[in-house]
1. Would you check if G67 is at pLDDT below 95 and under 26 Å from L155 (Cβ atoms)?
2. Given the structure, is L111 under 15 Å from N12 (Cβ atoms), free of Cβ contacts under 8 Å to residues at least 60 places away in the same chain and of a type in the set (A, V, I, L, M, F, W, C)?
3. What pairs come up if the first residue lies in the range 55-72 and is among the acidic types (D, E), the second is not in a strand (DSSP E or B), and their beta carbons are under 6 Å apart, counting only those six or more places apart or on different chains?
4. Is it fair to say L155 is within 16 Å of V20 (Cβ to Cβ), modelled with pLDDT of 95 or more and in a helix (DSSP H, G or I)?
5. Every residue in the range 5-22 that is of a type in the set (K, R) and either without any contact (Cβ under 8 Å) to a residue 24 or more places away in the chain or closer than 14 Å to R175 by Cα (or both), please.
6. Quick check on this structure: which one of R185, R150 is over 19 Å from R64 (Cα atoms), at pLDDT below 95 and in a helix (DSSP H, G or I)?
Amino acid sequence: MDIILTVTDVKNFVYCPRVVYFMYCLPQRPLTYKMAEGKLEHGRTEELEQRRSLRTYGLAAGERFFGVHLASAHLGLTGRLDMAIVTEQEAIPVEFKNTSGPLGLNHKYQLVAYALLVEEQWGRPVRRGFVYRLPLKRSQELPITPNGRRFVLRLLAQIRRLIATETMPPPTMRRGRCRDCEFRRFCNDVD
């Protein structure tokens with residue numbers, strides 16, 4: 001396993017495989033306003049989250065860890081998780097998202113990828129994760145299923161093949177996503 005991937009690669013690949021292609025096959029990656037603003041918002045939320053109770057996650061007790069760097073040589077995967085909650089019975093990944101809209105599959109599988117890393121790091125089962133929506137100040141629980149785990153492992157293999165062969169994949173079927181994409185100008189086949 002020569003190619004070490006990130007959890008963000010999983011999220012981006014589900015959103016549009018071309019994002020991953022351009023990230024690995026273009027010499028320079030553009031930084032967008034949305035990306036920069038997202039980093040600032042995450043920092044502000046982390047500060048507030050440290051003072052909050054775990055009630056929003058349905059927990060009475062647990063230890064929180066912020067900005068957790070996770071890595072697995074076995075999976076060839078790394079990532080920086082916004083927050084992990086660790087109890088005696090389980091470990092729970094939490095991702096902060098600056099959206100009030102519905103969660104996409106890309107967010108779901110990003111959380112599943114983090115679950116695989118969290119389970120390996122803490123040696124506790126991960127049966128669920130949370131996405132905390134910043135504008136709504138609410139969390140949404142997502143189950144971590146065996147099917148979801150298998151799907152993420154297949155995605156990792158697909159991403160590695162795409163990078164190794166440098167084969168540009170077709171664009172996303174959801175062309176509305178192209179409107180704000182930082183890589184739109186590289187595609188040349190989307191309106």
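The values are calculated or read from the model by the stated rules, or taken from the named source; none is laboratory data. Not measured: the values here are computed from a predicted model. Heads up, the Cβs are rebuilt from the backbone with ideal geometry, glycines too, and the neighbour counts pull from every protein chain shown.
1. Answer is yes for this residue.
2. Against the criterion (under 15 Å from N12 (Cβ atoms), free of Cβ contacts under 8 Å to residues at least 60 places away in the same chain and of a type in the set (A, V, I, L, M, F, W, C)), L111 qualifies.
3. No pair meets every condition.
4. yes
5. Correct list: R18 only.
6. Among R185, R150, only R185 is over 19 Å from R64 (Cα atoms), at pLDDT below 95 and in a helix (DSSP H, G or I).
Okay, residues lined up against (1) at pLDDT below 90; (2) farther than 19 Å from V86 by Cα:
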| residue | (1), (2) |
| --- | --- |
| T8 | no, yes |
| V14 | no, yes |
| R29 | yes, yes |
| K34 | yes, yes |
| E37 | yes, yes |
| Q50 | yes, no |
| T56 | yes, no |
